[in-house]
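*Asks:* Submitted below is the structure of interest, expressed as structure tokens.
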Amino acid sequence: MEHNRPLTAHVAMFLACACWGLMAPLGKDAMTHGIDGIDMVSFRVLGGAILFWLVSFFVPREHVPVKDILLFIGAAVFGLVCNQCCYTIGLGITSPINASIVTTSMPIFAMLLAALILKEPITSKKVMGVLLGCSGALMLILTSAAHTSDKVGDIRGDLLCLAAQFSFALYLSLFQKLIRRYSVFTVNKWMFLWATVLILPFSTPHVLAIDFPNVPARTWWEAAYVVVFGTFVAYILSMIGQKTLRPTVVSIYNYVQPLVSVTVSILTGIGILKWSQAVAVLLVFSGVWLVTKSRSRRDLEK
């Protein structure tokens, strides 16, 4: 069984990123047929909390002191509340193609914040990667600013999706020790619980105002996909991959998300890929690749 672990890990990471990539066009379609970004965020955090708490009763239980339970509030704010709200609402405004391309910028933010907070070294490869990634993001934003169609993109949505990546990178840098201390089920059951407590008091009136009888069944199936596969299953699969694969290899799988999203979006007519966006993809991918291939502080110490 041991020799099958690397293959299992690679398959798990590919499937996790494919789930996230497919979530963009399906979530976008749902948010144009009966529900919007605030509704989707509410379904996602509540659904994730229910699923992770249910599963937590069937896996080994971990003791979490009150201090860490309170720390999970901060983790939930940056890792879920700000991240989920900015990304989901941004996706509702811009195209799924743009949203998925912007998602690949997260390792660049993570590198910058790791240098400031975790004192990770900034190498020439990292600097070049940041410049390429920023150039791609800037080209994407400028292209979106020139259009009003959400099939091409919208600068407001792009910036919200970009803010979501910054929020998640900040979460990884600030709460790295906390999230490594516990299993994925323990981490997520507390984070999703706190996210639900923080979001639902404000979003419940909005959700109750949905015209439920007139929302198509297809929209509910797409929302269910976002909750079950785009949130719960993808998080578990990524955990399986991260336990075996090096972080650099895990980061490379970010490329799968926009590939899946772009393909599905074009085939279904939800999005349109323009040549400038294709160039932006290459720039962002190149930037992320350089950042993930550069040496970490641990590598230099060795």
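The values are calculated or read from the model by the stated rules, or taken from the named source; none is laboratory data. Predicted model, so just to flag it, every value in this text is computed and none were measured. Virtual Cβ from ideal backbone geometry, glycine too; neighbours counted across all protein chains shown. Only protein heavy atoms, including side chains, enter the accessible area calculation; ligands, DNA and RNA are left aside. Shrake-Rupley method; radii C 1.70, N 1.55, O 1.52, S 1.80 Å.
*Asks:* Roughly how many nanometres apart are two label points built 7 Å out from the Cα toward the Cβ at residue 209 and residue 180?
*Replies:* 4.5 nm
*Asks:* Sticking with this structure for a sec: ³J(HN,Hα) across the range 72-82 via Karplus (A = 6.51, B = -1.76, C = 1.60, θ = phi - 60°), whole Hz, x for Gly/Pro?
*Replies:* 5, 5, x, 4, 5, 4, 7, x, 10, 4, 5
*Asks:* Give the accessible surface of the range 162-206 per residue, rounded to a whole number of Å², with probe radius 1.4 Å and ligands, DNA and RNA excluded.
*Replies:* The answer is 46 Å² per residue.
*Asks:* Right, something else. Tally up the carbon and sulfur contribution to the accessible surface of the range 1-109 as a whole percent, 1.4 Å probe, everything protein left in place.
*Replies:* 76 percent
*Asks:* State which entries of 28/125; 125/189; 28/189; 28/67; 28/177 exceed 29 angstrom in Cα-Cα distance in the structure shown.
*Replies:* As for pairs spanning more than 29 Å Cα to Cα, those are 28/125; 125/189; 28/67; 28/177.
*Asks:* Okay, moving on. Classify the range 33-76 as rounded, prolate or oblate, taking a ≥ b ≥ c as the square roots of the eigenvalues of its Cα gyration tensor: rounded when a/c is under 1.5, otherwise prolate if a/b is larger than b/c and oblate if not.
*Replies:* oblate
*Asks:* Looking only at the range 208-234, which residues have a backbone nitrogen under 19 Å from a spot 7 Å from the Cα of residue 33 in the C-beta direction?
*Replies:* 210-230
*Asks:* On to the next question. Using 7 Å Cα-to-Cβ label points, what is the residue 124/residue 202 separation (nm, one decimal)?
*Replies:* 4.6 nm
*Asks:* Give the ranking of 125, 28, 243 by solvent-accessible surface, highest area first, calculated with a 1.4 Å probe.
*Replies:* 243, 125, 28
*Asks:* Continuing with the same structure: Can you sort 235, 171 by solvent-accessible area, 1.4 Å probe, largest first?
*Replies:* 235, 171
*Asks:* Next up: Arranged from highest to lowest average of other beta-carbon atoms within 10 Å per residue, in what order do the peptides 176-185, 76-85, 212-221 appear?
*Replies:* My ranking of the peptides, most packed first, is 76-85, 176-185, 212-221.
*Asks:* Sort the range 15-99 into rounded, prolate or oblate with this rule: let a ≥ b ≥ c be the square roots of the eigenvalues of the Cα gyration tensor; rounded if a/c is under 1.5, and if a/c is not under 1.5, prolate when a/b is larger than b/c, oblate otherwise.
*Replies:* Verdict is prolate for the range 15-99.
*Asks:* So how far apart, in nm, are the two label points at residue 58 and residue 70 if each is 7 Å from Cα heading toward Cβ?
*Replies:* Once both label points are built, they end up 3.5 nm from each other.
*Asks:* When a/c reaches 1.5 or more, the comparison of a/b and b/c decides; with that in mind, is the range 1-51 rounded, prolate or oblate per its Cα gyration tensor?
*Replies:* Because a/c hits 1.5 or more and a/b fails to exceed b/c, the range 1-51 counts as oblate.
*Asks:* Next question. In whole Hz, what ³J(HN,Hα) sequence does the range 42-51 give by Karplus (6.51, -1.76, 1.60; θ = phi - 60°), x for Gly and Pro?
*Replies:* After applying 6.51 cos²θ - 1.76 cosθ + 1.60, I find 4, 4, 5, 6, 5, x, x, 4, 4, 5 Hz.
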